[in-house]
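Report on the structure given below.
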Amino acid sequence: MKWIFRLLAPAGLALALGSAPGPTLAAEPRWEGALAGRLRQIKETRVVRLGYRENAIPFSYVGAEGRPVGYTLDLCRAIVATIAADLGGVELGIDYVRVTPLNRIQQVVDGAVDLECGATTNTAERRQQIAFSPVIFITGTRIAVPRGSAIRDLNDLRGRPVAVVSGTTNAAAMREYDRLNGLAIRFVTADDYRAALALLTTGHADALAADDILLRGLLAETKQSTAFRLVGDMLSLEPYGIMYARGDGALADAVERTLRGLAESREILWIYDRWFVRQLPSGGRIGLPMSTQLRRSLELLGLPPE
């Protein structure tokens, strides 16, 4: 899928993000000399390839109109605006490339996408292959169970079938917890979150393990928040970032300057509220105010303190 839009003035970014307060343009680029890496290719092709997820609600998913939408995609489109300005206000197209938890890292490594705009945890292992933006969200692994289930925490999962999504840090964290505690959990894997939820709703799994916010988003989008509940403490800490190629200084500079600009202007608060506090395009609502952890992380980028 490809959409073309012109980014010649601040209004271009507002158009890309929808109706929003007037954006603050990113500072001048710190890189010098001839373009290299992804920016050189973008200048030649006039296209930026954004990796999106189908069901990572509300970060990156396919909306009712068939177009990728979400919090991380809004941030990525702001980065595209910065790149367009850095290249002299050229007209850039966006090519949306579907990625999955299993192939998203390789898509960045292979150059199939310039920015992976999903819900991806920044880990030391992953940084050996790709680079991450500053933190854009902080969450952790929890489990969802049917409203009437007797399961109250992770230790109640002994011997039970638990759904996880392949290629996620949640699946790895759950398997390690199971190994350390000898729970003999029977893991049932799915390719995405909707498929994992289907395993839970049809009784093929007694619980679904995923990031707290992705569980909330999925249940809000599918209007099943009252049918399930989230239980237990968070098993892991999951700081999300936007992935891009390692060793690409110019692209890294554009990514960081964009997020700093959004933080300093407080526009990132509006973008956050759009997806986590206010009503989603589908009519559902997550209703999750920004956590203290995330606010402090954004203050390091320049968000004015409360």
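Values computed for the structure shown
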item: Radius 11 Å from Cβ of Leu269, net charge of other residues (Lys, Arg +1; Asp, Glu -1); result: 0
item: Tilt relative to the chain, helix 212-221 - C-alpha long axis, 0 to 90 degrees, to 10; result: 90
item: Pairwise FRET efficiency - Gln106 versus Arg40, Cβ, R0 = 25 Å, nearest 0.05; result: 0.70
item: Angle between the chain longest axis and helix 71-86 axis [Cα atoms, degrees, rounded to 10]; result: 20
item: Highest average packing first - 147-153, 168-174, Cβ atoms within 10 Å; result: 168-174, 147-153
item: Inter-probe distance in nm under a simple model that places probes 7 Å from Cα toward Cβ, at Arg127 and Arg194; result: 3.5
item: Diffusion constant of the chain at 20 °C, which comes from Stokes-Einstein with the Kirkwood Cα-pair radius and 1.002 mPa s, µm²/s; result: 108
item: Kirkwood Rh and Cα Rg combined as Rg/Rh, region 141-231; result: 0.92
item: Distance-filtered residues of region 243-267 - backbone nitrogen under 19 Å, label point 7 angstrom along Val47 Cα→Cβ; result: 245
item: Pairwise FRET efficiency - His204 versus Glu306, Cβ, R0 = 35 Å, nearest 0.05; result: 0.20
item: Peptides ranked, highest mean first, by Cβ atoms within 10 Å: ranges 120-130, 46-56; result: 46-56, 120-130
item: Separation in nanometres of the label points that stand 7 Å from Cα toward Cβ, at Arg278 and Ser166; result: 3.8
item: Crossing angle, helix 169-181 versus the chain [Cα axis fit, 0-90 degrees, rounded to tens]; result: 30
item: Value at 222 nm in deg cm²/dmol, rounded to 500, when DSSP H runs of n ≥ 4 in the chain each add -39,500 (n - 2.57); result: -11000 deg cm²/dmol
item: Least to most buried among Thr292, Thr222 (fewest other Cβ within 10 Å first); result: Thr292, Thr222
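Every number here is computed from the coordinates shown, using simple stated rules; none is lab data. In this text the structure is predicted, and so the values were computed from the model without any measurement. Methodologically, a virtual Cβ is constructed for each residue, glycine included, from the backbone with ideal geometry; neighbour enumeration extends over all protein chains shown.
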